[in-house]
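First the structure, in the form of structure tokens, and then the observations on it.
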Amino acid sequence: MTDSALADRVRAAVGRVTDPELRRPLSELDMVRGVTATGDDVRVEIALTIAGCPAADRIERDVRSAAESAAPGGSVTIDVGVMTPAERKALTERLKGPGRRNPFGAGTLTRVVAVTSGKGGVGKSTVTANLAVALARRGLTVGLIDADVHGFSIPQLLGLVRDGEAPSPTQVGDMILPPVAHDVKTISIGMFLKQSDGSSPGAVMWRGPMLHRTLEQFLTDVYFGDLDVLLLDMPPGTGDIAISAGHLLPGAEVLVVTTPQAAASDVAIRSGLVARQVGQRVVGVVENMAAMPLADGTTLDLFGSGGGAEVARALSEGVEEPVEVLASIPLSPALRQAGDAGEPVVVSHPDDAAARAVESLAARLASGGRRLAGRKLPLATA
Ligand code: ADP
């Protein structure tokens, strides 16, 4: 083989290596600067997006092994450089388009589902994290925005927290790369908040405009790439961020999580109605913490029963397409332990009754694509 034929072959192999954060082949990212072959000596020059890129070691390793298999027996040298600011700008513009743009606004091809609840503690974040993973396991490309500013728990639930800290996302120019857990591209407010001593903060005071800007920044600056589904873990209740989400994500569908308890269902109905007022369609209700089957054949219904059906009934009033209870997820010690351990139950105990209920929720959501029927036009958003 001639030197140039060998170099072409190595270039093709190296170009197919994917960047673990950008999830695209290096050839598409212009990260392969040059490949030369002189006899058996092969030299590959690559350009990382930023200096100290956390994925650098992995990229170098993958490039080396791709080059070595394309040039068996040759000696391979990898030169690792860094893109210039101009190259970086060109790359971010190519990936995200010029200027700041929210790719999930009106007309998006991504299915956007905001998961909401009337009050905290009903398992909304747990359901959202497991649903995201279940959808990804079905082969969909999934992004997850943790917009629950008062209780950002998604990084923990997905196992992203190490030594008590959520990872800091890599930034390339003004593009933020979401960390990936269980194939879900995840961004959380918890990843951006640090105390002056570096520790994560406890309670944070948020005002409406700041919330709006944060959600807007997540939508415009985080590079999710092409997604099939974007899930949002919303704060409980009917606050400012629900209204912001209505403006920024007019095509979003809303999934309402409630427990079977009457007191929880009342507030859940209100959160569904607010979402509808800002123009979003309620896609269904999830009843969580439902009766748990016991070994002796009886069931333990700690939170009573009927809350999910009640929310669905109330939210079906006045719309053409009735709102259904898409899943009833039982109380499950495995689900709770899995969340605490950062390994979602759909991965750690796929046969658990709660995991199976989440799987069937994912199946129902994945099969019921976007439908316009039943979606109301925006009313007052004051
Ligand atoms: P929210 O997001 O609504 O505030 P979380 O998802 O943080 O609620 O859940 C609150 C607590 O309830 C967590 O400790 C979680 O592990 C637990 N939990 C949620 N769903 C279940 C369930 N089906 N069975 C047992 N524990 C659950």
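The values are calculated or read from the model by the stated rules, or taken from the named source; none is laboratory data. Values in this document were obtained by computation on a predicted structure and should not be read as measured data. Every residue, glycine among them, receives a Cβ derived from its backbone with ideal geometry; neighbour counts consider all protein chains shown. For the accessible areas, the whole protein counts, side chains as well, though only heavy atoms, and no ligand, DNA or RNA atoms are used. Shrake-Rupley method; radii C 1.70, N 1.55, O 1.52, S 1.80 Å.
Conditions tested, residue by residue: (1) over 24 Å from Gly105 (Cα atoms); (2) touching a Cys at 6+ places or on another chain (Cβ under 7 Å); (3) at pLDDT 90 or above; (4) not aliphatic (A, V, I, L, M).
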| site | (1), (2), (3), (4) |
| --- | --- |
| Ala268 | yes, no, yes, no |
| Val274 | no, no, no, no |
| Gly339 | yes, no, yes, yes |
| Asp352 | yes, no, yes, yes |
| Ala363 | yes, no, yes, no |
| Arg370 | no, no, no, yes |
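Yes/no matrix, rows are residues, columns are (1) closer than 21 Å to Gln217 by Cβ; (2) within 14 Å of the ligand (Cβ to nearest atom):
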position: Leu95; (1), (2): yes, no
position: Gly105; (1), (2): yes, no
position: Val113; (1), (2): yes, no
position: Gly118; (1), (2): no, yes
position: Gly151; (1), (2): yes, yes
position: Pro155; (1), (2): yes, yes
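Suppose we filter the stretch 313-336 for residues that are within 16 Å of the ligand (Cβ to nearest atom) and among the charged types (D, E, K, R); how many remain?
1
Got at least one residue in the stretch 81-102 being within 29 Å of Thr2 (Cα to Cα) and more than 26 Å from the chain's Cα centre (by Cα)?
For the stretch 81-102, residues within 29 Å of Thr2 (Cα to Cα) and more than 26 Å from the chain's Cα centre (by Cα): present.
Among the residues that make up the stretch 244-256, is at least one of them of a type outside the set (Phe, Trp, Tyr), more than 14 Å from the ligand (Cβ to nearest atom), more than 29 Å from the chain's Cα centre (by Cα) and assigned by TED's automatic domain parsing to the domain that holds Ala354?
no
Which of the residues belonging to the stretch 33-55 are under 18 Å from Ile176 (Cβ atoms) and not in a strand (DSSP E or B)? Outline the logic, then answer.
Keep residues of the stretch 33-55 that are under 18 Å from Ile176 (Cβ atoms), which gives 48-55.
Scanning the stretch 33-55 gives Thr49, Ile50, Ala51, Gly52, Cys53, Pro54, Ala55.
For a quick check of your reading of the model, give me the residue pairs whose first member lies in the stretch 20-33 and is open to solvent by 30 Å² or more (accessible area, probe 1.4 Å), whose second is of a type in the set (Ser, Thr, Tyr), with beta-carbon atoms closer than 7 Å and at least 6 apart or on different chains.
Cβ pairs passing all conditions: Glu21/Thr170; Arg24/Thr18; Pro25/Thr18.
Which pairs do you get when a residue that is among the basic types (Lys, Arg) and open to solvent by less than 50 Å² (accessible area, probe 1.4 Å), found in the stretch 147-168, comes within reach of a residue that is modelled with pLDDT of 85 or more and part of a loop (DSSP other than H, G, I, E, B), reach meaning Cβ atoms under 9 angstrom, with the pair 6+ apart or on two chains?
From the stretch 147-168, no pairs qualify.
Going by the conditions given, is Ala242 part of a loop (DSSP other than H, G, I, E, B), at pLDDT below 90 and of a type in the set (A, V, I, L, M, F, W, C)?
no
In a helix (DSSP H, G or I), modelled with pLDDT of 90 or more and touching a helix residue (DSSP H, G or I) at 6+ places or on another chain (Cβ under 8 Å) - does that describe any residue in the stretch 106-115?
No, because not a single residue in the stretch 106-115 is in a helix (DSSP H, G or I), modelled with pLDDT of 90 or more and touching a helix residue (DSSP H, G or I) at 6+ places or on another chain (Cβ under 8 Å).
Considering only the stretch 316-347, state which residues are out of contact with any strand residue (DSSP E or B) (no Cβ under 8 Å at 6 or more places or on another chain), surrounded by 17 or more Cβ atoms within 10 Å (Cβ to Cβ) and free of Cβ contacts under 8 Å to residues at least 60 places away in the same chain.
Ala338
Going through Gly279, Gly297, Gly284 one at a time, which residue ends up being outside any helix (DSSP H, G or I), over 17 Å from Gly120 (Cβ atoms), of a type in the set (Gly, Ala, Ser) and without any contact (Cβ under 8 Å) to a residue 12 or more places away in the chain?
That would be Gly297, the only listed residue that is outside any helix (DSSP H, G or I), over 17 Å from Gly120 (Cβ atoms), of a type in the set (Gly, Ala, Ser) and without any contact (Cβ under 8 Å) to a residue 12 or more places away in the chain.
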